[in-house]
């Protein structure tokens with residue numbers, strides 16, 4: 001399945017909202033908004049993301065064998081120079097196909113800033129592996145409150161140097 005990154009469109013947002021309200025995906029991501037089902041908060045967040053010139057946000061699109069375009073998730077880089085972070089979200093129905101790795105590689109080709117950081121719940125081995133495949137290495141560990149789980153958990157911070 002071929003993927004590409006493109007600018008976020010208004011029509012992508014309902015797909016993102018649905019993906020970000022999948023219970024299994026929320027548990028895996030752990031560090032989510034306080035109430036992912038709050039549509040107003042979601043809309044405000046994406047409006048700010050799309051208006052911020054420091055943020056590079058893209059829709060991850062896959063093209064199936066029939067050539068049909070399918071929105072499978074999103075990927076972004078945000079934050080100030082020297083502290084920029086990557087983030088990505090792939091809908092659960094598309095997990096296990098290598099799309100997250102391909103999307104992150106495409107994002108890294110698009111954004112030359114280094115260092116870049118990525119974060120994941122310490123038990124989210126799939127996301128950690130995606131970042132490692134793209135050259136990120138463990139920088140350190142932190143503890144933080146995971147809204148999706150309602151408890152404080154360990155988080156890993158990975159770094160992609162210059």
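The values are calculated or read from the model by the stated rules, or taken from the named source; none is laboratory data. Quantities reported herein were computed from a predicted structural model and do not represent experimental measurements. Because the Cβ atoms are built from the backbone with ideal geometry, glycine has one as well, and the counts that use them run over all protein chains shown.
Note on the stretch 1-18: residues that are part of a helix (DSSP H, G or I) and under 30 Å from residue 153 (Cβ atoms) total 7. Scanning the stretch 149-162 for residues that are in contact with a strand residue (DSSP E or B) (Cβ under 9 Å, 6 or more places away or on another chain) and either free of Cβ contacts under 8 Å to residues at least 24 places away in the same chain or surrounded by 15 or more Cβ atoms within 10 Å (Cβ to Cβ) (or both) yields 149, 151, 152, 153, 155, 156, 157, 158, 159, 160. Residues of the stretch 124-144 that are touching a residue at least 60 places away in the same chain (Cβ under 8 Å) and not in a helix (DSSP H, G or I): 124, 144.
Quick one: which residue in 92, 58, 39, 102 is in contact (Cβ under 8 Å) with a residue 60 or more places away in the chain, touching a helix residue (DSSP H, G or I) at 6+ places or on another chain (Cβ under 8 Å) and at negative phi?
On the way: 58 fails: in contact (Cβ under 8 Å) with a residue 60 or more places away in the chain; 39 fails: in contact (Cβ under 8 Å) with a residue 60 or more places away in the chain; 102 fails: touching a helix residue (DSSP H, G or I) at 6+ places or on another chain (Cβ under 8 Å).
Of the residues listed, the single one that is in contact (Cβ under 8 Å) with a residue 60 or more places away in the chain, touching a helix residue (DSSP H, G or I) at 6+ places or on another chain (Cβ under 8 Å) and at negative phi is 92.
Summed over the stretch 87-133, residues that are under 17 Å from residue 161 (Cα atoms) and more than 14 Å from the chain's Cα centre (by Cα) total 9. Exactly one residue out of 102, 143, 129 is closer than 27 Å to residue 63 by Cβ, at pLDDT 95 or above and surrounded by fewer than 15 Cβ atoms within 10 Å (Cβ to Cβ): that is 129.
Got at least one residue in the stretch 19-32 being over 15 Å from the mean Cα position of the chain (by Cα) and either surrounded by 15 or more Cβ atoms within 10 Å (Cβ to Cβ) or in a loop (DSSP other than H, G, I, E, B) (or both)?
Looking only at the stretch 19-32, we keep the residues that are over 15 Å from the mean Cα position of the chain (by Cα), and these are 23-24.
So of that shortlist, the ones also either surrounded by 15 or more Cβ atoms within 10 Å (Cβ to Cβ) or in a loop (DSSP other than H, G, I, E, B) (or both) come out as none.
Among the residues of the stretch 19-32, not one is over 15 Å from the mean Cα position of the chain (by Cα) and either surrounded by 15 or more Cβ atoms within 10 Å (Cβ to Cβ) or in a loop (DSSP other than H, G, I, E, B) (or both), which makes the answer no.
If you go through the stretch 46-60 and keep only what is within 16 Å of residue 11 (Cβ to Cβ) and buried (at least 18 other Cβ atoms within 10 Å of the Cβ), you end up with 46, 57, 58, 59, 60.
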